[in-house]
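Asks: Questions regarding the structure given below will be posed in turn.
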Amino acid sequence: MARKKKITRKQLLKEPDEFMTLTGKLIQFAGTHKTQITYAVIAIVALALIVSAYRFFSIRAENNAMAMLNQAVAKYQLSVKDSDFKEAYSAVSGDFQQILKKYGSKKGGKLARVSYANICFDAGQYEQAIELYKAALNDFADHPFVYHLILSGIGYAYEQLNDDQTAVSYFEKITVSDEPVMGGEALFNIGVIYEKFGEKEKSNQAFDQILSNYPDSIYINLVKERPGK
C-alpha cells in the first residue's frame, strides 16, 4: 500500500490561507464595484429615512386632522346654540371642507366626513348629506355599527327628498344584516313608508318582523300600540 506523501510545514506555509484569499477577493470586489456599493448603501439609508419620515408626517397629519375636527365641532355646537342649524352649517362648512381636502384619507378626515354629513342633514342639505354619507361607507366598511348608522342616514335623507323607494332600499340593507341595534329601527321606517303608500300588507309584514326578530327593540311598544297588534 502506497504511503501518502507527507506535506511539510514549509509547503503548508506556501499554500494560500482560504480566509485571507476570500477577504482579499472581497476587498478587490469592493474596490472594483465601489460606486455600485456606495449607491446601494445610499439607497438603503434613504429608504429607511423615507419610512421614518412617512411615519412622522403621518402621525402629525393624524393629529392635525383630529385637532381641526375638534375645533370645527366645537365651533358648530356654539353656532347652533346662538342661531339655528342652517346658520351653523354656513358657519362651519368651510372648516369641514378644508379638513376633507387636506386630510380626507386620515382617520380624523373620515370622522369629519360623517360629522359634516350629519350637519348637512340637520341643515336640510339632503343631497350633499347623501353624497358625503355614500363616500363614508367605504371608510367604515369594517365597523358594522357605524356603517349601518350611515346607511340609516342615507335612508332618512332620501325620505326627506320624497324618494321613498330608494329610502326603503337603504333601510332594507340594514335589515338583511346581522346588526341587532339598527334592525328594529330600519323595519319600523319601512313599515311607516309602506303605510304612507297604503300598502298595508308590506307595512304589517315589517312591523311583525320587529315583534318576532327584535323583541328588545325600543320600537316594540310603538308597534304593539298600533291598531290590530
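The values are calculated or read from the model by the stated rules, or taken from the named source; none is laboratory data. Just so we're clear, the structure is a prediction, and the values are computed from it rather than from any experiment. Neighbour counts run over all protein chains shown; Cβ positions are idealised from the backbone, glycine included.
Asks: Cβ-Cβ below 6 Å, separation at least six or inter-chain, first residue in segment 182-200 and without any contact (Cβ under 8 Å) to a residue 12 or more places away in the chain and assigned by TED's automatic domain parsing to the domain that holds E225, second surrounded by 15 or more Cβ atoms within 10 Å (Cβ to Cβ) and assigned to a helix (DSSP H, G or I): which pairs?
Replies: Hits for this filter: E195/S203.
Asks: Still on this structure, I have one more. Can you name the residue in segment 127-172 that is aliphatic (A, V, I, L, M) and not in a helix (DSSP H, G or I) and, of all such residues, is modelled with the highest pLDDT?
Replies: So the residue we want is L161.
Asks: (1) crowded, with 19+ Cβ neighbours inside 10 Å; (2) of a type outside the set (D, E, K, R); (3) outside any helix (DSSP H, G or I): which one isn't true of G124, the others all being true?
Replies: Only one criterion is unmet by G124, namely (1).
Asks: Go through A112, A136 for me and flag whichever is of a type outside the set (K, R) and over 21 Å from V168 (Cα atoms).
Replies: Going through A112, A136 in turn, the sole match is A112.
Asks: Just one of K102, K110 is in the same structural domain as R60 (by TED's automatic domain parsing) and surrounded by fewer than 19 Cβ atoms within 10 Å (Cβ to Cβ); which is it?
Replies: K102
Asks: Residue pairs, Cβ under 7 Å, 6 or more apart or interchain, first in segment 205-229 and not assigned by TED's automatic domain parsing to the domain that holds V192, second in a loop (DSSP other than H, G, I, E, B) and of a type in the set (D, E). List them.
Replies: none
Asks: Yes or no: G191 closer than 23 Å to R226 by Cα, outside any helix (DSSP H, G or I) and either modelled with pLDDT of 90 or more or not charged (D, E, K, R) (or both)?
Replies: It is false that G191 is closer than 23 Å to R226 by Cα, outside any helix (DSSP H, G or I) and either modelled with pLDDT of 90 or more or not charged (D, E, K, R) (or both).
Here is a yes/no grid of residues against (1) of a type outside the set (S, T, N, Q); (2) surrounded by 22 or more Cβ atoms within 10 Å (Cβ to Cβ):
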| residue | (1), (2) |
| --- | --- |
| G155 | yes, yes |
| I190 | yes, yes |
| Y194 | yes, no |
| E201 | yes, no |
| D208 | yes, no |
| S212 | no, no |
| I218 | yes, no |
| L222 | yes, no |
